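So the structure is just underneath, and the comments pick up after that.
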Amino acid sequence: MNRIKQRFEVLKQQGRKALIPYIVLGDPAADVTLPVMHALVEQGADILELGVPFSDPTAEGPVIQKAHERALAHGSSLRDALTLVKQFRETDFTTPVILMGYANPIERLGYQHFIELALDAGIDGVLTVDLPPEEAGEFNQQLGEAGIENIFLLAPTSSDKRQKMVAEMAGGFIYYVSLKGVTGAGNLDVVSVKQHVDHIRTLTDLPVCVGFGIKDGASARAVADLSDGVVVGSVLVSKMAELAARAETSPRAFSQAVSSLVAEMRDALDN
Amino acid sequence: MNKKASIDFNQMPDAHGHFGPYGGRFVSETLIYALDELESIYRSLKDDPEFQAQFDYDLAHYVGRPSPLYFAERWTRETGGAKLFLKREDLNHTGAHKINNTIGQALLAKHTGKQRVIAETGAGQHGVATATVAARLGLECHVFMGEEDIQRQSLNVYRMKLLGATVVPVTSGSRTLKDAMNEALRDWVTNVDDTFYIIGTCAGPHPYPELVRNFQSVIGREARQQSLAQTGKLPDALVACVGGGSNAIGLFHPFLADESVAMYGVEAGGFGLGTGKHAAPLNDGIPGVLHGNRTYLMEDENGQIIETHSISAGLDYPGVGPEHSWLKDIGRVKYVAIDDDEAMDAFRHLTRIEGIMPALESSHAIAYAEKLARKMDPDQTIVVNLSGRGDKDILTVAEIDGITL
């Protein structure tokens, strides 16, 4: 069984919510990402979302854009992401890993070739920001055949018709984007999130997780109470940026910095 | 040719915005709603006689259309070969073809009731054209422009400010047109309820490539009639520069079904195709996905978009409108490249022998047309799209000449 499904089943049995941290591959240096991934798991992350750097990340706010730029400055690529997850799997067989990125690096490898490499690396899911259901047909089918979950976004602006279409195609979980905007922007409107998540639940049995705008333990808890889990990105990436700006190079320092943030959120979700 | 003859070019793109394998709608979920809304407004107004009449009225009385089709007699004589005609889009209000499209999109914006418009710009011509229509309609206007382009095009930046627009410097990525478009998309996704995005070229997510083409097609419709009236026949060849490709598609589209008309899209060869430092994806790129559509792109082996180079800011873009990608693949249009030096020579030459100063973008088309004309007969005709005037480029040219103005 796919590790994402397994993880949500376990969480359900335990009555817990999924904590899904996001970091960018190779931010700020190649040797930082792997230790940080393990540290995130130690602090209670349920699923890891690994951002694949892209030259033109149109859905990202300034914080994550800069992380992509830091990673690209030393040549991080989709191939590196696949290699890294393979290394991660040498010691972690159970934590699901999702690659989040943009279509062009995947198209450059070719869908089929990418899927072969992703299977070999132990990738469980893919979220391609600029590949909505209308354009995802072929890729979605090939991912399905390979047993890799294709994760889709739903937004406050998604029409009823589209919500149904996404619900039919999506695998893993539905990623509900909690606000109109780019990553890291604005404040959460909990009432609106609840309305939308409740509606999505009527359309699918998949878990619904919420991302964009979650900044701390309190906002994570508020959103988790309405959904099956939270995705936390910009606040972690900001922390990475702070250390990078101080010319920090020790992977251990980065691991410690994100650990305390993730531990706080885990605590807020569980207690 | 049989394959091409069976294509109904007016039926492209398909219902999902695809031109063969190109085009489409590769955007994040939040934007789909805005694109659906735009498409439905456009569909409802496209064939509405009142909307069309308003568009035509504005083009006639505000833009100054039709633009002349001018027989460049001296240039023709000195070149030797086919007769060279210039479609004078440089004579439009604001000095380039860009206004045709912003007039059209501003009318759409008006129908949505949105009070804020945004635009991306490279050379600043589209930014000026957007700021102009925004001033006329009393709309708030924000123009995103790469920091590097702001340096290169300071005159246009000041024009936009005089027109009441806010020019937002873009400091991400390569700080040029592609990054300005990224930033405009980010602004749109954030302010989608009250903001209309006026895209300046025939690229981006569906329906932009289609609607920009249709607004710009007035160029080709006029050129067709003017050619028939002045020469008694259709032109033998059309030449236009291609960055995103809106002036080219505007000229080409009404002629696509006329098999006798050859078409040449001229990309920016920068320092030369062999150097890799250019902006010619149709000559030296591969298909990929950027800015909401699948099209030919300049990218590296990892699928990262690479920095382009052209002396003209308006052509300095790593992608191209998806319809051009398709027209290349089916062989209907031939895409060639002209490098910086050739474009500069053409700029100087046309200025001196016709008293017409072309934009550096359009100078690429001028340079190629001259080469082409020499290979053709004197009874043949070429229509070159003079897409903009060169006043905005004077500082760049002076700098090359080592002169401080």
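Coordinate-derived values only; no laboratory data. What you see is a predicted model; the values in this text were computed from it and never measured. We place every Cβ from the backbone using ideal geometry, glycine too, and count neighbours over all the protein chains shown.
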Hey, fewest Cβ within 10 Å first, where do B:43, B:116 land in order? B:43, B:116
Highest-fluctuation residue, A:219, A:158, A:227 considered, GNM on chain A with Cα pairs under 10 Å: A:158
Compute and list, largest first, the equivalent-ellipsoid semi-axes of region A:80-161 from the alpha carbon gyration tensor, each √(5λ) rounded to a whole angstrom. 24, 14, 11
Highest GNM mean-square fluctuation, chain B, Cα pairs closer than 10 Å: which of B:61, B:142, B:93? B:61
Just to verify a number: FRET efficiency for residue B:155 and residue A:256, C-beta to C-beta distance, R0 = 51 Å, to 0.05? 0.45
Farthest toward the dipole's positive end in the protein assembly as shown, which of A:257, A:98, B:203, given Cβ charges of +1 (Lys, Arg) and -1 (Asp, Glu) about the Cα centre? B:203
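Take the alpha carbon gyration tensor of region B:325-405, find the square roots of its eigenvalues, order them as a ≥ b ≥ c, and report rounded if a/c is under 1.5; if not, report prolate when a/b exceeds b/c, else oblate.
Values: a/c = 2.45, a/b = 1.66, b/c = 1.48.
It is prolate, given that a/c is not under 1.5 and a/b is the larger ratio.
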Could you tell me how far the Cα centroid of region B:276-298 sits from the Cα centroid of region B:198-268, in Å? 20
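Between residue B:62 and residue B:329, what's the calculated FRET efficiency when r is the beta-carbon distance and R0 is 41 Å? Round to 0.05. Walk me through the numbers on the way to the answer.
Values: r = 37 Å, r/R0 = 0.91.
Plugging the Cβ-Cβ distance into 1/(1 + (r/R0)^6) gives 0.65.
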For chain A, calculated [θ]222 nm from helices alone, where every DSSP H run of n ≥ 4 adds -39500 (n - 2.57): -16000 deg cm²/dmol
Taking 0.36 nm per residue of sequence separation and subtracting the Cα-Cα distance, how much length would be gained by fully extending the chain between residue B:260 and residue B:171, in nm to one decimal? 27.4 nm
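May I ask you to derive the relative contact order of chain B, considering only C-alpha pairs under 8 Å and at least 6 residues apart, and to give it as an integer percent? Intermediate values should be presented prior to the final figure.
Working: 876 pairs, mean separation 83.5, N = 405.
Reported as a whole number, the value is 21 percent.
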Mean separation of Cα pairs under 8 Å and 6+ residues apart, divided by the residue count of chain A: what relative contact order is that in percent? 24
If the only charges are +1 at each Lys and Arg Cβ and -1 at each Asp and Glu Cβ, what is the size of the charge dipole of region B:1-148 around the Cα centre, to the nearest 20 debye? 540
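Under 1.5 on a/c is rounded, so check that first for chain B, then, if it is not, pick prolate when a/b is larger than b/c and oblate when it is not; a ≥ b ≥ c are the square roots of the alpha carbon gyration tensor eigenvalues. The partial results should precede the final answer.
Values: a/c = 1.33, a/b = 1.21, b/c = 1.10.
Rounded shape, in that the Cα axes give a/c under 1.5.
So if I take the alpha carbon set of region B:255-405, get Rg, then get Rh from the Kirkwood formula, what is the Rg over Rh ratio?
Numbers: Rg = 16.2 Å, Rh = 16.4 Å.
Reported Rg/Rh, Kirkwood definition of Rh: 0.99.
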Cα→Cβ-extended label distance, 7 Å offset, between residue B:379 and residue A:218, nm: 8.5
What nm distance separates the two modelled labels at residue B:110 and residue A:138, each placed 7 Å from Cα along Cα→Cβ? 4.3
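Computed FRET efficiency, Cβ-Cβ of residue B:404 and residue A:168, R0 41 Å: what is it to the nearest 0.05?
Approximately 0.05, to the nearest 0.05.
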Using the Cα atoms of region B:180-333, I'd like the radius of gyration and the largest Cα-Cα distance, Dmax, both in angstrom. 16.4, 53
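Let me have the 222 nm mean residue ellipticity of chain B computed from DSSP H runs of 4+ only, each contributing -39500 (n - 2.57), with the sum over all residues rounded to the nearest 500.
Numbers: 17 runs with 175 residues, N = 405.
Value at 222 nm, helices only, nearest 500: -13000 deg cm²/dmol.
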Using the eigenvalues of the Cα gyration tensor, what equivalent ellipsoid semi-axes result for the protein assembly as shown when each is taken as the square root of five times the eigenvalue, whole Å, largest first? 48, 25, 23
Among B:276, B:243, B:265, residue whose mean-square fluctuation peaks in a GNM of chain B (springs only between Cα atoms under 10 Å): B:276
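Semi-axes of the equivalent ellipsoid of region B:154-209: what are they in whole Å, largest first, if each equals the square root of 5 times a C-alpha gyration tensor eigenvalue?
Values: eigenvalues 79, 43, 32 Å².
Ellipsoid semi-axes (Å, largest first): 20, 15, 13.
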Compute the separation of the alpha-carbon centres of region A:1-76 and region B:302-357 and state it in Å as a whole number. 40
Explain nothing, just compute: Karplus ³J(HN,Hα) = 6.51 cos²θ - 1.76 cosθ + 1.60, θ = phi - 60°, for every residue of region B:86-93 in order, whole Hz, x for Gly and Pro. 10, 8, 8, 5, 5, 8, 4, 3
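Where a ≥ b ≥ c are the square roots of the eigenvalues of the C-alpha gyration tensor, would you call region B:1-89 rounded, which needs a/c under 1.5, or, failing that, prolate if a/b is larger than b/c, or oblate? Before the final figure, lay out the partial values.
On the way: a/c = 2.54, a/b = 1.53, b/c = 1.66.
The shape class here is oblate.
Listing B:16, B:97 from the residue with the fewest other Cβ atoms within 10 Å to the one with the most, what is the order?
So the ranking, lowest neighbour count to highest, is B:16, B:97.
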Calculate log10 I(q)/I(0) of region B:72-211 for q = 0.11, 0.16 Å⁻¹, where I(q) comes from the Debye formula with a single equal point scatterer on each Cα and nothing for solvent. -0.43, -0.78
Sorted by chain and then number, the residues having a modelled amide H within less than 5 Å of the amide H of residue A:51, at least 5 places away or on another chain, are A:23, A:24, A:25, A:100
